[in-house]
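The values are calculated or read from the model by the stated rules, or taken from the named source; none is laboratory data. Not measured: the values here are computed from a predicted model. Using ideal geometry, Cβ is built from the backbone for each residue, glycine included, and neighbour counts are taken over all protein chains shown.
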Amino acid sequence: MGKAKGPREGVYPFVPLEFERLAVEEQRRRAAEFEARLKSRRTTRHFSTDPVPRELIEAAVRIAGRAPSGANRQPWHFVVVADPGIKRKIREAAEAEERENYQHRFPGDWLEALAPLGTDWHKPFLEEAPYLIVVFRQDYGRERQADGSERKVKHYYVQESVGIACGFLIAALHWMGLVSLTHTPSPMGFLSRILKRPANEKPYLLIPVGYPARNAQVPDIPKKPLAEIMTLLG
Ligand code: IYR
C-alpha cells in the first residue's frame, strides 16, 4: 500500500504547454501597452450608480480564477452582491466598524497615514457601486465523501494565492473599463454573517465595482520609481 494521496494527486495527465514565442519587438510593444494601460488604473471611491453588464463581472471573476495557487487548490470564493438590501446591510455594518476605527481604534500614526487619502467612516460607495465583489479566502476546503460525510482538504499559501487572484481581478476590471476599490473594513466578520458563508471561509477584501461618478476625484499620489522598487544583480 502506498502513502495516502491527497484528493487530486496524480490524476492529471501532463500535456504540451501552449506557448507562442513572440518576436522581441512585439514583446516590447506589449510591455509598453500593458504598462500604459495599468498606469491609468486608480483606486476610486466615487462611484456612479450606472448599471454594469453582469457578464463583465462574471468574466472578471473567471479571470481571477485563472490565478496560480498553492497546489492548485484555488482557495477563494467570490460573492457578487447586486441586491440593494444586502448592500445596505453591508454598508451599515461596515460604517459601524469604521466609525469605531476612526473615532477610537486607529492609532495616531495610522490616521496620519490615511489623511492624504481623505477617507473617513462614511462608506456611501457600498450602496452606490452597482456590484460589490466580496472575496473570501478558504483556509481549508470541504470535500463531500461517497458516504455523504465531509472531509477537510488542506490548502496551501492561501494568503498569497488569494492576493494574486485579486491582482488579476483588479487588473481585469480596469482593462474592461471599470473602476474598483480595494476596501478593507475592519474587522470584517460581519461579511461572513450577512453573506452566510461557511466556517472555512474568511473575508479577504471587499471590492466595489462600477463606473466612476462624473465628478470622481482621486488623490494625486506618486508611485515609487523603478530604481527604488527593483534591485538588479548581474
Ligand atoms: N479600512 C479603512 C481605513 C483605510 C486603511 C487603509 I491602510 C487605506 O489605504 C485606506 C483606508 C477605510 O476603508 O476607511
- Message: With the structure loaded, tell me whether A129 is touching a helix residue (DSSP H, G or I) at 6+ places or on another chain (Cβ under 7 Å) and touching a residue at least 40 places away in the same chain (Cβ under 8 Å) or whether it fails that test.
- Response: no
- Within the range 94-117, the residues that are near the ligand (Cβ under 10 Å from one of its atoms) and small (G, A, S) are A94, A113
- Would you mind stating whether A36 is within 16 Å of the ligand (Cβ to nearest atom) and either in a helix (DSSP H, G or I) or surrounded by fewer than 17 Cβ atoms within 10 Å (Cβ to Cβ) (or both)? no
- Task: Please enumerate the residues belonging to the range 118-139 that are of a type in the set (F, W, Y), in contact with a Leu (Cβ under 9 Å, 6 or more places away or on another chain) and within 14 Å of the ligand (Cβ to nearest atom).
- Result: F125
- Would you mind stating whether E33 is within 25 Å of H174 (Cα to Cα), modelled with pLDDT of 95 or more and either in contact with a helix residue (DSSP H, G or I) (Cβ under 6 Å, 6 or more places away or on another chain) or not hydroxyl-bearing (S, T, Y) (or both)? yes
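Residues that are surrounded by 15 or more Cβ atoms within 10 Å (Cβ to Cβ) and modelled with pLDDT of 95 or more: list the helices (runs of 4 or more DSSP H) wholly contained in the range 61-136 that include at least 2 such residues.
On the way: elements: 84-100, 108-114, 125-128.
Those helices (runs of 4 or more DSSP H) span 84-100, 125-128.
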- Cβ-Cβ below 7 Å, separation at least six or inter-chain, first residue in the range 94-117 and closer than 19 Å to T182 by Cα and without any contact (Cβ under 8 Å) to a residue 40 or more places away in the chain, second of a type outside the set (V, I, T) and within 11 Å of the ligand (Cβ to nearest atom): which pairs? E95/W121; E95/H122; E95/K123; R99/W121; Y102/D120; Y102/W121
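Test V218 against the criterion of being touching a Gly at 6+ places or on another chain (Cβ under 9 Å) and either within 22 Å of K39 (Cα to Cα) or away from the ligand (no atom under 16 Å from the Cβ) (or both), and give yes or no. Reasoning before the result, please.
Working: touching a Gly at 6+ places or on another chain (Cβ under 9 Å): no; either within 22 Å of K39 (Cα to Cα) or away from the ligand (no atom under 16 Å from the Cβ) (or both): yes.
In short, no.
Quick check on the range 164-198: of everything there that is surrounded by 16 or more Cβ atoms within 10 Å (Cβ to Cβ) and of a type in the set (G, A, S), which residue is farthest from the ligand (Cβ to nearest atom)?
Going through the range 164-198, the residues surrounded by 16 or more Cβ atoms within 10 Å (Cβ to Cβ) turn out to be 164-166, 168-174, 178-181, 183, 185, 188, 190-192, 194-195, 197.
Those still in the list that are of a type in the set (G, A, S) too: 165, 171-172, 180, 192.
Details: A165: 20, A171: 19, A172: 21, S180: 14, S192: 17 Å.
Applying the filter and picking the extreme gives A172.
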- Quick one: what pairs do we get from the range 166-193, first residue of a type in the set (F, W, Y), second in a loop (DSSP other than H, G, I, E, B) and within 16 Å of the ligand (Cβ to nearest atom), C-beta under 9 Å, 6+ apart or different chains? W175/R41
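For R45, state whether it is in contact with a helix residue (DSSP H, G or I) (Cβ under 6 Å, 6 or more places away or on another chain) and part of a loop (DSSP other than H, G, I, E, B). Don't jump to the end; show me each part of the working.
Working: in contact with a helix residue (DSSP H, G or I) (Cβ under 6 Å, 6 or more places away or on another chain): yes; part of a loop (DSSP other than H, G, I, E, B): yes.
Against the criterion (in contact with a helix residue (DSSP H, G or I) (Cβ under 6 Å, 6 or more places away or on another chain) and part of a loop (DSSP other than H, G, I, E, B)), R45 qualifies.
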